[in-house]
Structures are given as C-alpha cells and as structure tokens.
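Coordinate-derived values only; no laboratory data. The model shown is predicted, which means the values in this text are computed figures rather than measured ones. Here the Cβ positions follow ideal geometry from the backbone for every residue, glycine too, while neighbour counts run over all protein chains shown.
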Amino acid sequence: MTDTQIINHILNGDRSRFNTLVWRWEKPLYNFILRYLGNKELARDVTQKVFIRVYKNLNKLRDPTKFSSWIYQIASNLCKDEIKRMSHRDFLSLDLIQEHNENEGHRLPEQLQESENCLPDAKLNQKQISSIVQKALQQLPEEQRVVIIMKEYQGLKFKEIAEALNQPLNTVKSRMYYGLNGLRKIFQQWQVTEEVLNYEM
Amino acid sequence: MKCNDLKPLFIDYLYDEISDKDRDLFLAHLSECESCQKELQALQQTSNILQKWENVDPDFNVVMVTEKISWLSHLKERWTQLSPKSQKFAYGLVYITIGIFLLLAIANTEISYRQGEFKMSMGLFSKPSSQQKTDELFAQEFVERLQKENYYLMNSLIQQNEAKQQKEIATAILQLRQDFERKRIEDLNLVGFGLDNIERNTYHQLKKTDNSLNELIHLINAQLK
C-alpha cells in the first residue's frame, strides 16, 4: 500500500492507519533531523513533534501524492525553529560553540587524528566516520546543509526538495553545488578522501 | 561552450536527473575539458564520502494513540475538507433558511388588546380563525360536560351518604326499641313480683288479724259465760 492510499484511508476516518505511516517514516525522519540538528535528544523530540503536526494537519494536505515533500517541509521548519529557539535560549553558550567550531574548522576532528596516530590496520568505525561527516556538515551554511541532507540521505528529487523548502529549483541546485564544493574543500583540508576511508575500513 | 555554463549540469548529472539532450552536451564538453573532469570526480568523491555516514535506528518508537473524536469535531473536520465553493453554498443555504423563518415569524405577529392588557404573539405559521372558533366551542362543551359529570357525581355521593345514614339510624332505633322492650318486661316482672309479695303479706296479716279477732271473740265469750 502506498503512502497516498494510507493517507486516503486516514482522511476517510480510519485514524489507526496513521501508525503505519509512523512506522514507515520514523527512521528516515529521525535520521534527517539527527543530521540536521546533530543531537540525538533533540532529534527524538523533533521527530515526535513532526508526527504530531502531521497528524493534526493531514486534512490540510491538498495533494496526498506530495506527502514526502510535505513531511520534509514540516520537519525542516521544525528544525529551523529548534535552532532559532536554541540560539535565543542559549545565547551565550551558542556563541561559545561557534567560536569553538571556528577554531576546529582548520583542524581534523579528534577521532581521525587519533586513528592516524594508530597502527595502519586500525579501522575507522561507523561512529568515527559519522562524527567526521557530521562535523563537516555543521561547517556549511544551514540552507546548503539541508539540501545536501535531503539529496544525499533522503534521496529526494531536486523538484521535491524545492517544494519542501519552498524555493526555486535552480536555487536548490546551486545550493547543492556550493554545498558539495564546500564539503570538498573541508575534506581536502582534513585530508579525508574516499580512499582513506575505504583503506581504513 | 564555457565551463561556467555547465556548472548547473554538474549536479543534474551527478544525481542522474539530467535530460538526454543536456547529458550529450555535458559529456561532449567533459571529454575535452580536463578541469571539469577533475571537478566532477572531486564532487563524486565528496558525495561518496557523505554516503559513508549510515542511517541509524532510532532508540525509541513513536506510537500514536487514536483519540476518540466527538461528532462535533468530526463535523468540523468534514467542514474543513469541503471546497470553498461548497462551503459558500452551505452558508448561503443556512442564511436563506434563517431568512424565511424570520419572515414567517414577522408576518404572523399578532398584537391584541383583551381584558385590559396587551398581548403579542409571534408564530411561524398562522392559525386559521375557524379552527379557533371550533376550538372555543369544543372548550365550552367540554366544560359543560365536566360540570354535568360533577353534578351527577356529587348527587350520587350525597344519595349514597343519606342512605347510609338512614340505615344507621334505623338500626340504632331498632336496637333502642329492643333495649326499651327488654327493660319494660324486666320492670313489669319486678312489679308483678312486688305485688305478689304485697298480696301474700296482706293475706298473712289479715289471717293473723282474723285469728287474733277469733281468739278475742273466744275470750270475750268465755268471760261472758
């Protein structure tokens, strides 16, 4: 059964089917939000908020075939709100984090430095890789980061990303291009290449 | 074609969202331009590095408990699902219905002055006057019938009561008479008995007197002799 069919069932009164949607979307949404915010606790809260908002507003979804763009739109809006809220609440601490990030920007993350110092057969585990990529992504401007996450990890078409972010298609593509180039430079700086990761793996 | 003109196609090509026409253009340029080849390779590599970060399973489960919705909120929800056109239509229908009711109510307003006070009544539908008359007649008949029934009922009650009282009086008189009769017989008996006694006493006394007179006569006779 497709998402569209499930949504039609829900809109016709069979609300228990919503859990099927939840089971389908829980993992991709959580991973999207986790990559966006970079914090497990926050990602969990925001995932729940997304489902609540979807549940409340499902009847406002005019075209059920665009559900995936719509749910990512809700998720990215809530993530944006969350970042704004954090910056208001933890004004000082966020400044400190930014300063910390700026200093780190020119350095390799600790995990990789450690592994480089280790024996050649030392392997980078998934945790270390995710930490490196996450830190690299955090260096990017938010608008580029969200496009890259939606394309690379959620597998959305550029058209769907444009719908979700409510931006022109060309803007989305150019953000993707600049984002990827930005990441390329960061990885170069850190001397992280595909070969290194493959070898170490 | 300049490299800069092809920049937008890098992303389309990389993620396989390029049209066939653009693909041919892009590949043609790529075969001639080494720097673009390098850039594409670098972007591809960056994308590959990103792919090393795998998805994780969430350490929680979201379960939505379906709420019980009241018919009112269900109605509201249905309402929001209606298209603006049909919503407008429904609004129009409601307004027209209310208007008709108001008109009827105003048209059938009655103000009357009866027995020193004003009376005003509003109704959706006017009452036919003939009906009102028969209603009044019917009411009058009803009251009369009720009065008659009451009269008969009272009469029968009174009669019953009287009969009962008479019966009671008769039995009381009978009993009194019987008592009186018994007492008279008793009295007569006593009188009879008393008379007998008196008779007997008188007889004895007369006999005594007779005897004593006889003795006296004997005595006198004896003395005379």
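Among the residues of region A:50-85, those identified as surrounded by fewer than 17 Cβ atoms within 10 Å (Cβ to Cβ), among the charged types (D, E, K, R) and in a helix (DSSP H, G or I) are A:53, A:56, A:60, A:66, A:80, A:81, A:84, A:85.
Would you mind finding the one in B:19, B:73, B:35 that is within 14 Å of chain A (Cβ to nearest Cβ), surrounded by fewer than 10 Cβ atoms within 10 Å (Cβ to Cβ) and among the hydroxyl-bearing types (Ser, Thr, Tyr)? Write out each step before concluding.
Working: B:19 fails: surrounded by fewer than 10 Cβ atoms within 10 Å (Cβ to Cβ); B:73 fails: surrounded by fewer than 10 Cβ atoms within 10 Å (Cβ to Cβ).
Testing whether each residue is within 14 Å of chain A (Cβ to nearest Cβ), surrounded by fewer than 10 Cβ atoms within 10 Å (Cβ to Cβ) and among the hydroxyl-bearing types (Ser, Thr, Tyr) leaves just B:35.
Residue B:9 meets the conditions (1) loosely packed, with under 10 Cβ neighbours inside 10 Å; (2) within 11 Å of chain A (Cβ to nearest Cβ); (3) not in a loop (DSSP other than H, G, I, E, B) in every case but one. The failed one is (1).
Within region A:150-194, the set of residues being free of Cβ contacts under 8 Å to residues at least 60 places away in the same chain, more than 25 Å from residue A:78 (Cα to Cα) and part of a loop (DSSP other than H, G, I, E, B) comprises A:193 only. Residue under question is residue B:54, and the condition is that it be exposed (fewer than 14 other Cβ atoms within 10 Å of the Cβ), under 25 Å from residue A:26 (Cβ atoms) and not β-branched (Val, Ile, Thr); does it hold? In short, yes. In this structure, residue A:21 qualifies as closer than 18 Å to residue B:60 by Cβ and touching a residue at least 12 places away in the same chain (Cβ under 8 Å).
Between B:24, B:59, the distinction of being facing chain A (nearest Cβ under 8 Å) and acidic (Asp, Glu) belongs to B:59 only. In the condition set (1) of a type in the set (A, V, I, L, M); (2) part of a helix (DSSP H, G or I); (3) more than 10 Å from chain A (Cβ to nearest Cβ), residue B:43 is compliant with all but (3). Hey, can you tell me all the residues within region A:36-48 that are buried (at least 17 other Cβ atoms within 10 Å of the Cβ) and either touching a strand residue (DSSP E or B) at 6+ places or on another chain (Cβ under 7 Å) or more than 10 Å from chain B (Cβ to nearest Cβ) (or both)? Of everything in region A:36-48, those that are buried (at least 17 other Cβ atoms within 10 Å of the Cβ) and either touching a strand residue (DSSP E or B) at 6+ places or on another chain (Cβ under 7 Å) or more than 10 Å from chain B (Cβ to nearest Cβ) (or both) turn out to be A:36, A:37, A:42, A:46. Restricting attention to region A:4-35, the residues that are touching a Lys or Arg at 6+ places or on another chain (Cβ under 7 Å) and more than 8 Å from chain B (Cβ to nearest Cβ) total 3.
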